[in-house]
Structure formats: C-alpha cells, structure tokens
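Colleague: First, the structure itself, so that you have it in front of you.
The values are calculated or read from the model by the stated rules, or taken from the named source; none is laboratory data. As the structure is a computational prediction, the values presented were derived from the model and not from experiment. Backbone-built Cβ (ideal geometry, glycine too); neighbour counts: all protein chains shown.
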C-alpha cells in the first residue's frame with residue numbers, strides 16, 4: 001500500500017502533502033525528532049525519532065520503497081530512497097530519479113568543497129515561492145498516482 005514519507009523537520013510543504021494524502025486516502029508519515037504538533041487528520045502520523053545526525057533520514061530509508069513517495073531536500077537520503085524504488089521529490093516538485101541522482105550528489109559534494117575552501121562565502125538558496133508550492137502540489141499528485149501503479 002502506498003505511503004508518503006516526509007523528512008519533516010524543515011519541510012515547507014507539509015500542508016500540501018497532507019492535502020494530497022487526504023484526497024488519495026493514503027497514510028502520510030511525518031518523520032522528525034520533535035517540534036511538530038500532531039495533526040487531527042487520520043491519514044497523518046507523526047513519527048518521532050531520537051535526536052542525532054541523520055536519524056530521521058535513516059528511518060525513512062529503512063521504511064520507504066517501491067510504491068511509496070518520499071519528500072525530502074536531503075540528497076543522500078534521496079539517493080537511498082530512489083535506489084529502493086520510491087518516487088522521491090524535492091520541496092519545489094523536482095523529482096529525484098535514477099538518471100539524475102548521481103549529478104545531484106556530485107553537485108552537492110562540489111558545493112560542500114567550495115564552501116569549505118571559502119568559509120566567508122555567503123548565500124543560500126532562493127526563497128521558496130508560491131510557484132514552487134504549486135509546482136510541488138502538481139508533482140506530488142503525479143508521483144502519488146505513479147506510486148499507486150507501482151504498488152500493484
């Protein structure tokens with residue numbers, strides 16, 4: 001049965017995920033190490049994991065697989081869930097796939113090295129926009145429909 005797993009600690013699209021999970025009547029698991037309020041929605045479950053580096057990521061990687069959808073901005077987690085066969089989306093709706101995950105990992109490593117070489121380098125990503133939210137909703141809808149087909 002299809003489930004949606006959300007790396008929830010810094011996820012800006014939890015409300016959108018809940019909306020899609022409710023429409024499809026599928027379980028949504030918000031995985032975090034605390035700080036989130038429980039939802040009264042029967043399709044939404046909070047999964048609290050212990051504090052520690054990547055504990056939520058490891059939990060999701062251990063549970064998600066073919067027929068599931070994962071929402072995360074964490075590229076190493078995305079690599080694991082893509083390998084396990086889950087449909088994996090970034091918060092802006094971009095899909096991680098077997099054909100692009102290698103480039104995403106390489107770019108992440110390159111940016112890490114550049115930041116390490118220049119500790120005064122400032123900047124971050126662009127602000128999260130309404131267009132990103134809309135694109136995410138559309139991508140999540142398509143991913144859930146595809147994951148349901150994968151699960152059968």
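Colleague: For the subset of segment 50-66 comprising residues that are modelled with pLDDT under 95 and assigned to a loop (DSSP other than H, G, I, E, B), which member is surrounded by the most Cβ atoms within 10 Å (Cβ to Cβ)?
Modeller: Only one residue tops the list, namely 54.
Colleague: Moving on. Checking the condition on the phi < 0 side of the Ramachandran plot, in contact with a strand residue (DSSP E or B) (Cβ under 9 Å, 6 or more places away or on another chain) and modelled with pLDDT of 70 or more, which residue from 151, 143 passes?
Modeller: 143
Colleague: Same structure, new question: Do you know which residues across segment 31-45 are surrounded by 16 or more Cβ atoms within 10 Å (Cβ to Cβ), over 18 Å from residue 89 (Cα atoms) and at pLDDT 95 or above?
Modeller: 43, 44, listed by residue number.
Colleague: Tell me the residue from 78, 21 that is modelled with pLDDT under 95, touching a strand residue (DSSP E or B) at 6+ places or on another chain (Cβ under 6 Å) and assigned to a helix (DSSP H, G or I), please.
Modeller: On inspection, the qualifying residue turns out to be 78.
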